[in-house]
Structure formats: C-alpha cells, structure tokens
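The values are calculated or read from the model by the stated rules, or taken from the named source; none is laboratory data. As the structure is a prediction and not an experimental result, all values here were calculated from the model. Please note: Cβ atoms are built from the backbone with ideal geometry, for glycine as well, and neighbour counts cover all protein chains shown.
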C-alpha cells in the first residue's frame, strides 16, 4: 500500500519558506486600537496625569501635616476616603462577574467586553487599595496590617473585619491580575507576531513564547475554568467582607444582616455601570461596533435593571427593618437619612440607583445608546452617594448625643477623590494603547465557527 | 527527519486528519490553532489537562496554611477574652477561604506554565504567525520515506497547502 519513498531531490524541492502571513480582520481591527495616539488622547492623558500629580502632592501634604487637613473631626473619622474605597471595590466587581460567572454560565456575549472589564477590575482594585492607606495617619506603618514576625512578638487580630479586608482585597487584587494576564497571553502572542521595535520586545517577553499548540490551549481552557471557579466565590466574598466592616459594629444603620448581599448587588450594579460608561465612548472612538454590538450593551442594561431592583429592595428592607425592630436609634437613623442634614445625598442615591434605571424596562431605552450612557453615569454618581449616606450619615448620629456631629469633605479629600478617578483613567488609557482591548482569540473562535456553518461545514 | 506542515482553514478537517494520522501510526504530531476549539482539544491527547492537580494542591495548601497560621498565632500571643478559647474558628474561616483562593489561583497559573511548557525562548521551527491569524497548522514529523504519503493524506483532508520545514 505504501508508495515508494520519493528521491531526496524531490524532498529538497519541497523545502521553501512559508509565504507571507495572511492576517485576519479581527487582528487588524483590534490591534489598530493600539496605533498612534491622537491629539485628543494625548490631551486627555496629560489631563489625568496632572490630576494624579495634584492629588499626589495633596497626599504628601496630608501625610506631612496630619489627617486634620481631611474633613475628619469628632465624631466622624470615616469620610470620603472610606466612601471612595468602598466605591472602587464595588466597581472592581464587574470584571470578575463578567469573566468568571458568565464564563461558567457559558454566556457567549461576554466575549466582547470581558477583556476591558477585567482590565477595569485590576485598575479599580489598584485604586481602591490606595484608600485604606491614604486614610492612615501614619501611612508608613501600613505594613503593621500584615502578620509578619516582629520583635514585639505581636500578631495581628484575625477576629477584626478590617483584617479580613486586608486578606480579601489583596487576594482579589492578585487573582484579578492573574485572571487578566492569563486571558491576555494568547492575544499578546498575536501582537508579538505583528509588532516591530520596542513593542516586539515587550510582547515577546509578556507572551512567554505562547504558540497556541493544542496542549497549551487545553491547559489554558482548564486554567480559565479553574480561575473562574475560584473567582466566583471570591468576588462574592470580597464585598461581603467590606460590608462586614460596617455590619459587625453596632452603629445604627450599619448593624444589619442584609449588608453582605446588599453590598454585593450594589457592587455588581456599579461595576456594570462603570463598564458601560467607559466602553460606550471607547467603542465609538475606535469604531469597534463590529465586535461590541448594541446587543452587548442591551444585556448589560438588563443586568443594571436587575441589580437596581435588588438595591432598591434593600433600601426598602432597611427602612422596614428599622421600623419593625422598634429600636429607637435605628428608627432615628433612618428618619434622619431621608430628612436629616444629609437628605440631599440620600435622595440622589435613591433616584439614581432605584428610580432612573427603571427606564430599562423599555427595549427602546436599552437600545438607545445615549440613554444607556446617561443612566450609567447616574448610577455611578448614585452609588458613590450610597456609600456616603451609609458611612457619614450613620456616624454622625450614634446613640449618645455627645457623639453627634457634622462632616463636610475638605478640599484635600476632594482633590484625592478627583485623583482617584484620574488614576483609574490613566491606567485605562495606557491599557488601550498597550494591550488588545477585546479578547481577540475569543472573537476568532466564534468567527471561525460561524464561517464553518456558512460554508455548510460538517459540525 | 523531515517535518511537514499542513495548513487548514477549519478545525473539523484538522481533527479528522489527526485521527487518520494517528491511526496510521504517526505519533510525532503538533497542532497550532488561532483559538481554542473543543473538537481539537482531545485530538492529540484525550487525557484532561494536568492543570487540575495544581489547583487542587494549591487550594489545599491555602486552606491548611490559613487555619494553621491563624490558630497558631492566636496561641502564640493569646488575647484572653472571658473564658473563651484563644482561637475562634468562624472568623478564621474567612482567612482560610481567602488563602485557599489565593494559593489555588497562583498554583493554577504555575500549572499553566508547567503544562504549557512556558515561558519558552525560541519558537518552534514550524511555528508561523499565520497560526495567530486564522489558520491551523498540523505538523507531522515523519521518516523521509513517508513524506509523500503524509503529503497526500494532508491534501486529501482539505489542507490548502503543505510545506516542508527543516528541523
């Protein structure tokens, strides 16, 4: 049966260099985002970098002078920094939700947005992680939070929710970086094969010599599956732990068992809103409509509607429990929440989080991109105020009239708040130019399959 | 030994070709694809990826380390509250949980590197940027006398071209 071996001369004749690569459209379109920056991009980057610089200077000033320059005064010692910490931790939840939970549910529509959402998770955690440190009077002692052997033979108190926070946030930061990077490796190989100059060097190092062999893909699939399985309970635990910072105290308005699910829903809510706020302009500026379609935005709007209902329900439950418990300080706290000195924040919170997103009941609103964008911005504002209401409002009226007080954010705190948005935007802008903004290999997987069907393929 | 590279457009025919080649006793096969495809996963090796053991060992290390660290530290520097035991398991479960995830996840990453033989400095001679575009490459190392047979088999299964590379 076997044909006779060909003469060596014919084998030699078959050796020829491979022809020039035919590139795919997905590669070209998505890698094009990393092309030469426009004037607008450079101007925006300059703006955010200078804002970060301003905030950094303010922080140095605060560290030098002391926390008195923040608006902290008796009895309120948790202010904008803690509010902003909780806010950014919340934003960080969308990436893992999209990447891990929707992966486990095999929701294919996540492919277009998972990369950017994962990136936002990493940057939001990087932003959030700064705030407990900014909030420290002696920031240079932050390492006291870690259990390390020391001369005093002291260990940290593992019974404190603040220490659970240290473990939860640092685990979350590490795992979201790992998740982001693992997903990125095959796309870095795509970039490596097409780049020149310093980018070629950078991507060659970061891509680790990935070649897309079957064995590598199989290991990669397994890795993503396991990381998703690990990250799903993790993402639910992180904001639960953050909520226990409050719920395990006895402050009126904080001491509630509903806090963990309430915070997790709020985190997903704000995270999706942030993904929309960022990706709607990015899609338009870089012409990615072919990959990120209105269908994706509509699905995310549905998520916002769902989590808005959960958050609204939690607001109502808090009021009901305050009334039904018959505990006078609880009742007072919730009365003051709506009609006390922080009433504006409360009504911003209720209207932005529970009321405006109801517009997404209508398909016309979910598919009208300007509406989606406006609602997503409102949700971001509302969720920041939610944390402000919970933290500052509750601390201003505790049980004893001796610990009643008022709090107004100082210019130092507001500068650092602005700096946090700039810090996040700075990372995201750099990410746009350095890494593929959409998971190219996942887009291709769908496209090649679709082509097989179009050609009447066998599968 | 000559190395033949068949270039394909679709994963289905690749999987079929691999089955045929393995049926005829060719063992030195390598497959490059632009994205993961379920039909190719088990084409060369049916066993599940060994990454799963890394996750398991990492996770178990994490949970053990979490409980061991917190309990040992509680006894090393006791905080005496009433007549209660020094170590309280419910809050320590949170630390143990976080460390399970942390070490499990990091071990999974190491597993990916170990199983995928990463990082590697030099690309395979048969690798081409075409495989990070949209094409599939099936690499067959075979004896010189088999070149014509493999070439015919690849072309018969919708390989749009077959190249010979040294190495």
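Residue B:38 meets each of the listed conditions (1) closer than 18 Å to residue A:452 by Cβ; (2) modelled with pLDDT under 90; (3) facing chain A (nearest Cβ under 7 Å) apart from (3). Looking at segment A:174-186, is at least one residue farther than 30 Å from residue A:112 by Cα and either part of a helix (DSSP H, G or I) or facing chain B (nearest Cβ under 8 Å) (or both)? Looking for residues that are farther than 30 Å from residue A:112 by Cα and either part of a helix (DSSP H, G or I) or facing chain B (nearest Cβ under 8 Å) (or both), one finds none in segment A:174-186, hence no. Just one of the listed residues (A:403, A:389, A:375) is within 19 Å of residue A:86 (Cβ to Cβ) and either touching a residue at least 40 places away in the same chain (Cβ under 8 Å) or over 24 Å from the mean Cα position of the chain (by Cα) (or both), and it is A:389.
When A:439, A:452 are screened for being surrounded by 14 or more Cβ atoms within 10 Å (Cβ to Cβ) and touching a residue at least 12 places away in the same chain (Cβ under 8 Å), only A:439 passes. From the list A:361, A:347, which residue is closer than 23 Å to residue A:110 by Cα, more than 18 Å from the chain's Cα centre (by Cα) and free of Cβ contacts under 8 Å to residues at least 60 places away in the same chain? After ruling out the rest, the residue left standing is A:361. Each residue in segment A:248-264 was checked for being crowded, with 20+ Cβ neighbours inside 10 Å and assigned to a helix (DSSP H, G or I), and 4 pass. Given the condition away from every other protein chain (no Cβ under 13 Å), assigned to a helix (DSSP H, G or I) and within 22 Å of residue A:398 (Cα to Cα), answer yes or no: does some residue in segment A:235-245 qualify? Within segment A:235-245, none of the residues are away from every other protein chain (no Cβ under 13 Å), assigned to a helix (DSSP H, G or I) and within 22 Å of residue A:398 (Cα to Cα). Considering only segment A:406-417, I want to know if a residue exists there that is farther than 19 Å from residue A:270 by Cβ and in contact with a strand residue (DSSP E or B) (Cβ under 9 Å, 6 or more places away or on another chain). Checked segment A:406-417: at least one residue is farther than 19 Å from residue A:270 by Cβ and in contact with a strand residue (DSSP E or B) (Cβ under 9 Å, 6 or more places away or on another chain).
A residue that is more than 8 Å from chain A (Cβ to nearest Cβ), in a loop (DSSP other than H, G, I, E, B), in contact with a helix residue (DSSP H, G or I) (Cβ under 8 Å, 6 or more places away or on another chain) and on the phi < 0 side of the Ramachandran plot occurs somewhere in segment B:127-150. Checking the structure you have, find out if any residue of segment A:240-247 is surrounded by fewer than 21 Cβ atoms within 10 Å (Cβ to Cβ), out of contact with any helix residue (DSSP H, G or I) (no Cβ under 8 Å at 6 or more places or on another chain) and within 30 Å of residue A:327 (Cβ to Cβ). Checked against the condition, which is being surrounded by fewer than 21 Cβ atoms within 10 Å (Cβ to Cβ), out of contact with any helix residue (DSSP H, G or I) (no Cβ under 8 Å at 6 or more places or on another chain) and within 30 Å of residue A:327 (Cβ to Cβ), segment A:240-247 yields no hits at all.
Total residues in segment B:41-74 satisfying the condition of being more than 8 Å from chain A (Cβ to nearest Cβ), crowded, with 22+ Cβ neighbours inside 10 Å and closer than 30 Å to residue B:127 by Cα: the figure is 1. For segment A:148-169, a tally of residues being surrounded by fewer than 18 Cβ atoms within 10 Å (Cβ to Cβ), within 12 Å of chain B (Cβ to nearest Cβ) and farther than 19 Å from residue B:80 by Cα returns 4. Could you tell me whether segment A:233-247 includes any residue that is farther than 23 Å from residue A:269 by Cβ and free of Cβ contacts under 8 Å to residues at least 24 places away in the same chain? Checking segment A:233-247: not a single residue is farther than 23 Å from residue A:269 by Cβ and free of Cβ contacts under 8 Å to residues at least 24 places away in the same chain.
Give just the number: which of (1) surrounded by fewer than 20 Cβ atoms within 10 Å (Cβ to Cβ); (2) free of Cβ contacts under 8 Å to residues at least 40 places away in the same chain; (3) within 27 Å of residue B:50 (Cβ to Cβ); (4) touching a helix residue (DSSP H, G or I) at 6+ places or on another chain (Cβ under 8 Å) does residue A:136 not satisfy? For residue A:136, the failing item is (3).
Between B:122, B:84, the distinction of being assigned to a loop (DSSP other than H, G, I, E, B), more than 7 Å from chain A (Cβ to nearest Cβ) and closer than 25 Å to residue B:142 by Cβ belongs to B:122 only.
Out of A:444, A:433, one residue alone is more than 14 Å from every other protein chain (Cβ to nearest Cβ), more than 28 Å from residue A:266 (Cβ to Cβ) and part of a helix (DSSP H, G or I). It is A:433.
Taken over segment B:13-40, the criterion of being surrounded by fewer than 20 Cβ atoms within 10 Å (Cβ to Cβ) and not in a loop (DSSP other than H, G, I, E, B) is satisfied by B:16, B:19, B:20, B:22, B:23, B:29, B:30, B:38, B:39.
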